[in-house]
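S.K.: The structure under discussion is supplied below as structure tokens; questions concerning it will follow.
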Amino acid sequence: MSGDPAHDCDDFSEQEAVTGQNAPQDPLVHHGRHFGRAVHAFCNIQTLITNGLTYLADTDQVSTTKERKEFAVFRDLLRTVPRFEAQLMESSEDQVMHMAELIQKGVNGARADNTKGMKSPIIDWITPKGQSLTPHIPRNVKSGCGFNHERTGVLLCPAGLDWNNIKMKAKLMNGQIQVAGDQWPLFLYANYTYDQEDPWNGLLRGGVLVSASKHVFTSPSSVDQEPKATRSGNARIHGMCAITKASLAYVATQARFSLSSAQVFSCSDHVTDSERFYNTILELLDDPDEKDEVTQLMTWWNRQVFALYTDVEGLPSKDSALARIRQRRAELKERQQSIEI
């Protein structure tokens, strides 16, 4: 699985954009790819920039909750793209529009690449070790996924509904029950187990999510904990050393679509309702009342995905050379201070 070049295609395309192995990619497209994955996947970049510049000129116009959220996303965009604020201020309206188009191209391109790249390996992630799925799910045909298959069906079944209920299963399969984006599926939970009395228990800690996140951000080959890719993953290329709330919502949305029977990823598709699904996860993670649970969740995620990249502050070993050097320096400083006194 991890050695399949097709699985690693997204990492290759990003790296080639940086090193120039193929035709060079515009830096704004490059930054747009990361913005879509780690900051916001569904916003209209041209509208975001237009409104953001208006807010910058007069912050009094930022009065509603929606406007505050939009302005925060715009500021994240300015931080994502080096010198972008200065570029915007120095550019004509047509130039600003062109820059927005390039960033949007990156956002859309990253999403398309991840949608395509995850379609095949997710079948491996949901197959119990040492077993096979019955019936077999073809790698490139999605019609047998979603509620049309026992395995993907139970994983996509909204938490709180009983997939084992024959009547419920039939309604999900024939579309009598339309699953809205705010009806979160069972695969979001650790061990695919939902506790109705404690709905935070295991939420957003499902194994499929961890695999999807590693696939997107550290490299497809890191999913099985045997890093074999010779090029850096997307997270390292973009200096990302910790999971973001938006990146968690992003991989959840990608995984949900990959498990479904939908053929084409569309923001306006009301059947998969992907944009609503993404936004409701972000809303929960941004809710101040859920701060404690979210902090614990993000810490857990960083340990799962970014263990090799997270800076860990620790004291040097007691008998190490470094510890001895610091001890000697402290002794010399103390001696010098006593002489001065």
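The values are calculated or read from the model by the stated rules, or taken from the named source; none is laboratory data. Remember, predicted model here, so these are calculated numbers, not experimental data. Cβ placement follows ideal geometry from the backbone for every residue including glycine, while neighbour counts extend to all protein chains displayed. Please note that ligands, DNA and RNA were not included when accessible areas were found on the heavy atoms of the full protein model with its side chains. Shrake-Rupley method; radii C 1.70, N 1.55, O 1.52, S 1.80 Å.
S.K.: Along the charge dipole of the chain, which of 257, 125, 155 sits closest to the positive end, that is, farthest toward it, with unit charges on the beta carbon of Lys, Arg, Asp and Glu (+1, +1, -1, -1)?
M.R.: It is 125, whose Cα lies furthest towards the positive end.
S.K.: Which residue, 199, 27, 121, has the most motion in a Gaussian network model of the chain that connects Cα atoms within less than 10 Å?
M.R.: Its mean-square fluctuation being the largest, the pick is 199.
S.K.: Hey, another quick one. What angle do you read, to the nearest 10 degrees and between 0 and 90, between the alpha-carbon axis of helix 27-38 and the longest principal axis of the chain?
M.R.: 70
S.K.: Given C-alpha coordinates of segment 27-305, what is the ratio Rg to Rh with the Kirkwood estimate of Rh?
M.R.: The Rg/Rh ratio comes out at 0.98.
S.K.: Within a Cβ distance under 12 Å of residue 137, other residues only, what is the Lys/Arg minus Asp/Glu net charge?
M.R.: +2
S.K.: Could you pull out the longest piece of the chain with no exposed loop GluC sites (Glu not before Pro) in it, calling a site exposed if DSSP puts it outside H, G, I, E, B and it has at most 14 other Cβ atoms within 10 Å?
M.R.: Result, exposed sites excluded: 1-196.
S.K.: Related question: If you fit an axis through the alpha-carbon atoms of helix 321-340 and take the longest principal axis of the Cα set of the chain, what angle between them do you get, 0 to 90°, nearest 10?
M.R.: Taking Cα atoms only, the helix is inclined about 40 degrees.
S.K.: What is the set of long-range amide H partners of residue 203 at a cut-off below 5 Å, with H atoms built 1.01 Å from backbone N?
M.R.: Long-range HN contacts for residue 203: 190.
S.K.: Continuing with this model, one more query. Starting from segment 62-126, pick out the trypsin sites (Lys or Arg not before Pro) whose DSSP state is loop and whose Cβ has at most 16 other Cβ atoms within 10 Å.
M.R.: Passing both the DSSP loop test and the Cβ count: 83.
S.K.: Relative contact order (percent) for the chain, with alpha-carbon contacts under 8 angstrom and 6 or more residues of separation?
M.R.: 20
S.K.: Same structure again: Taking the inverse of the average 1/r across all pairs of different Cα atoms in segment 148-206, what Kirkwood radius in Å do you get?
M.R.: Taking the inverse mean of 1/r over all distinct Cα pairs, segment 148-206 comes out at 11.7 Å.
S.K.: Summarise the accessible area of segment 27-305 (1.4 Å probe, protein heavy atoms) by the percent that is carbon and sulfur.
M.R.: Answer for segment 27-305: carbon and sulfur cover 48 percent of the accessible area.
S.K.: Enumerate the calculated ³J(HN,Hα) couplings along segment 69-80 in order (Karplus 6.51 cos²θ - 1.76 cosθ + 1.60, θ = phi - 60°), each rounded to whole Hz, writing x wherever the residue is Gly or Pro.
M.R.: 5, 5, 5, 5, 5, 4, 5, 5, 5, 4, 6, 6
S.K.: Past 25 Å, Cα to Cα, is the threshold; run 142/214; 66/116; 119/167; 116/245 against it and keep the listed order.
M.R.: Cα-Cα > 25 Å for 66/116; 119/167; rest within.
S.K.: Could you give the nm distance between label points at residue 266 and residue 168, where each point is 7 Å from its Cα heading toward the beta carbon?
M.R.: Placing both labels 7 Å beyond Cα along the Cβ direction yields 3.0 nm.
S.K.: Which one, 28, 213, 143, is farthest towards the positive end of the dipole of segment 27-305 when Lys and Arg carry +1 and Asp and Glu -1 on their Cβ?
M.R.: Looking along the dipole axis, the top candidate is 143.
S.K.: Which residue, 54, 91, 81, has the largest displacement toward the positive end of the dipole of segment 27-305 when charges sit on each Cβ (Lys, Arg +1; Asp, Glu -1)?
M.R.: 81
S.K.: Any idea what the dipole of the chain comes to, in debye rounded to 20, about its Cα centre with Lys/Arg Cβ at +1 and Asp/Glu Cβ at -1?
M.R.: That gives the chain a dipole magnitude of about 1060 debye.
S.K.: Please calculate how many Å² of accessible area the chain carries per residue, with a 1.4 Å probe and no DNA, RNA or ligand atoms counted.
M.R.: Per-residue value: 54 Å².
S.K.: Through the Karplus equation 6.51 cos²θ - 1.76 cosθ + 1.60, θ set to phi - 60°, convert the phi angles of segment 88-99 into ³J(HN,Hα) values in whole Hz; use x for Gly and Pro.
M.R.: Along segment 88-99, the couplings run 4, 5, 8, 9, 6, 4, 5, 5, 4, 4, 5, 5 Hz.
S.K.: Grab the other residues whose beta carbon is less than 10 angstrom from that of residue 45, score K and R as +1, D and E as -1, and report the net.
M.R.: 0
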